[in-house]
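Taking it in order: structure first as structure tokens, then the write-up.
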Amino acid sequence: MPHVDRSFHMEEPPAEAQRRFEEEVGWELHRDEGYALVREEPGSLRYSDGIVDDLSDEEAFELRDPSAFDTYEREVTPRSGTEGAYAGLRDLLARHIKVELTAEGTGTHVHIHGRAEGRLRDAIELLGEPGHWPQIRMSDGAPTEDR
């Protein structure tokens, strides 16, 4: 699964940039790609489509030590037993996008990383480029100029 790693600047302060990202880009992620917002904290959003292609069910159930995953960005909380390891591994391997927003001057530094397939990865790589979001707003799937 291809990795996503994109950073850019938004003019809005972090709380407003996060709200705007969630309303405009998050909606597109859900509508067009099936991603859902699974975790929201100040300065952080995590989207996942819950799909795991990398591991068969039989391979996942062979895992015996769920503690091996408790250091992955502190996002996977191991549960007891093999079922817990499987659930934690599914969380770890699912297609996901994490958005981190931090103050940068009077605006916000946006860092998007995770795992996504071709078309979505390519679209994320355009965010922040001249003529693309956030300079251009998304509305009903068609970009319109931000006024």
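On full extension, the segment bounded by E129 and E28 gains 34.6 nm, given 0.36 nm per residue less the C-alpha separation.
Across the range 97-139, Cα-Cα pairs more than 15 Å apart make up 52 percent of the total.
Modelled label positions at H109 and R137, each set 7 Å beyond Cα in the direction of Cβ, lie 2.9 nm from each other.
Since every read-out is calculated from the coordinates, none of them should be taken as a lab result. This is a predicted model, so every value here is computed, not measured. Using ideal geometry, Cβ is built from the backbone for each residue, glycine included, and neighbour counts are taken over all protein chains shown.
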